[in-house]
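Enquirer: Please find one structure pasted underneath; my questions will follow.
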Amino acid sequence: MAAILAADVVGYTRLIAEDEEGTLRQLAECRNVLGGFVMRHGGRIFNTAGDSVMCAFDTALDAARAAIEIQDFARAQIDAQSSGKWLPFRIGISVGEVVERRNDLLGMAVNLAARLQTLAAPGGICISRAVHEAVSTQVPAAFVDLGERRVKNIPFPVHAFMIAGRRRPTGGAPLQRPRLLLAMRALSLASLCLAILIGVGGLVSDRQLSRTPPQERSAETALPPPDSAAHVLQLTTSPVEAFLRLTQKGGQIDDPGSAPGLYHNALLFEAKGEAIAAHRAYYTLARMGLDFIDPHLRYAALVQAHEGRFIARQVYAELNEDVPTRATALVHALQFDGAERKARLEALAKGHPDFAPAYYFLAEAYSESRIGPLQTAEDKRKEHEALSVFLNAHGQDRLARFFLDQSVLNGWLDRAYRRHDQIATSPKSSIAAPMTAVEP
């Protein structure tokens, strides 16, 4: 998950036609200055094709703050230079899942940011609904709701907002946020989501929100409302088959109460940029006390993109206390780095040797991609052992039950097999006999 900022020069073709050499020189200077603002807020530039600049940030708030500073600086430069040496930019910001290929980023979030940029006025900033939800109370700026817009190569209408300019305090008093917003910021995202769910009419039943351990809950807890599409699917198929059927059918599920229905809706809300709705669906699913790992990973990534790693860690610390499962323990462990991350993964694998997903991330903790050139032969041996346990579980059909979306599992298996074979054929590696997971 990443926040993407796309910047594009206004009237670039005309400027090149009028003065190619001068425009290219100005573009290079502008990119250098823009890069400084991006770095200041923890971002990086990953593509500079043509007159565009594509940047990635950890959170939507970082991207928005960088964009506001860039456009404020640009206005000051244009106002100060009658010759107009500074090139005017349009900026678009979105947030979502991306894939890295050869130091470039690809995905819907990248495409959406580029399209939102075209909706912005010269010197303006246009953001997606998800970005607006994440930053509207965090930055001193006014926002204009542009409504749903259709943009090129995006298969659904995009709800866009424009950052109209900085808010001005009235009467000389400093700008202050309402007390409610300050109180909301003091809460963790998990507690906030719970309050929202209760406030809108109890979208989650008391039974689902109780602290009763998952093993003591009745089977009725996970059943969706009668006569709903998700209810029929759950009664007639396994959760994995139900999720597959829902994705094939498409469309939002009304009042979902099952894990497949909630996950399907959450993914749909993410694709449409409706972050709050996605949070609600993921959080409801997380409170059901199930061991499906892929929805938890998506939820943690969504929280990280909007709120940062610290809040994601806090959310899963609370979930792991309230509704402890192997999945919540695993995702909580993944919110740490270094020795702490490794120690938590090893403890989880030792305490639950039949929970194969833990071995996938334990292998990653010892891998060269995480440790770097300091990976030792012992690290490589432990990586190979963990991968062997993970793949052995797949061979015994003990892995698929932890994934609602089997395409996610297939991606894990592809990477695990390739790395396992790579280590096994390495002449420099010292590989011990692989471990065998305990039968469940």
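Enquirer: FRET efficiency for residue 17 and residue 45, Cβ-Cβ distance as r, R0 = 35 Å, nearest 0.05?
Expert: For residue 17 and residue 45, the calculated efficiency is 0.85.
Enquirer: Can you give the Kirkwood hydrodynamic radius of the range 350-397 from its Cα pairs, in Å with one decimal?
Expert: 10.9 Å
Enquirer: Can you pull the Kirkwood radius for the range 72-162, inverse mean 1/r over Cα pairs, to one decimal in Å?
Expert: 14.4 Å
Enquirer: Under the definition of Cα pairs under 8 Å and six or more residues apart, what whole-number percent is the relative contact order of the range 1-65?
Expert: It comes to 47 percent, rounded to a whole number.
Enquirer: Using a 1.4 angstrom probe and counting only protein chains, how large is the accessible area of residue 342 in Å², to 10?
Expert: In the full protein context, residue 342 sits at about 50 Å².
Enquirer: Which of rounded, prolate or oblate describes the range 35-91 when judged by the alpha-carbon gyration tensor and an a/c cut-off of 1.5?
Expert: oblate
Enquirer: For a test of the definition: using alpha carbon positions, the gyration tensor, and the 1.5 limit on a/c, classify the range 251-320 as rounded, prolate or oblate.
Expert: It comes out oblate by the Cα gyration axes.
Enquirer: Then there is this: State in Å² the accessible area per residue of the range 282-436; use a 1.4 Å probe, count heavy atoms of protein chains only, and round to the nearest integer.
Expert: Ligands and nucleic acids excluded, the figure is 42 Å² per residue.
Enquirer: Same structure, new question: Send over the Kirkwood Rh of the range 275-430, from the inverse of the averaged 1/r over different Cα pairs, rounded to one decimal Å.
Expert: Evaluated on the range 275-430, it is 16.2 Å.
Enquirer: Using a 1.4 Å probe on the protein heavy atoms, what percent of the accessible area of the range 301-440 belongs to carbon and sulfur?
Expert: Summing carbon and sulfur atoms, their accessible area is 53 percent of the total for the range 301-440.
Enquirer: Over the range 39-78, what percent of the accessible surface lies on carbon and sulfur atoms, probe 1.4 Å?
Expert: Carbon plus sulfur share of accessible area: 52 percent.
Enquirer: Oh, and also: Would you work out what percent of the accessible area of the range 84-137, with all protein chains in place, is carbon or sulfur (probe 1.4 Å)?
Expert: Ligands and nucleic acids excluded, carbon and sulfur reach 47 percent.
Enquirer: So with the 1.4 Å probe, I'd like the accessible area per residue for the range 18-173, rounded to whole Å².
Expert: Normalised by residue count, the accessible surface of the range 18-173 is 50 Å².
The values are calculated or read from the model by the stated rules, or taken from the named source; none is laboratory data. It should be emphasised that the depicted structure is a prediction, and the values quoted were computed from it without experimental measurement. For neighbour counting, all protein chains shown are included, and Cβ atoms are generated from backbone atoms with ideal geometry for every residue, glycine included. Just so you know, the surface numbers come from the protein's heavy atoms only, side chains and all, with ligands and any DNA or RNA stripped out. Shrake-Rupley method; radii C 1.70, N 1.55, O 1.52, S 1.80 Å.
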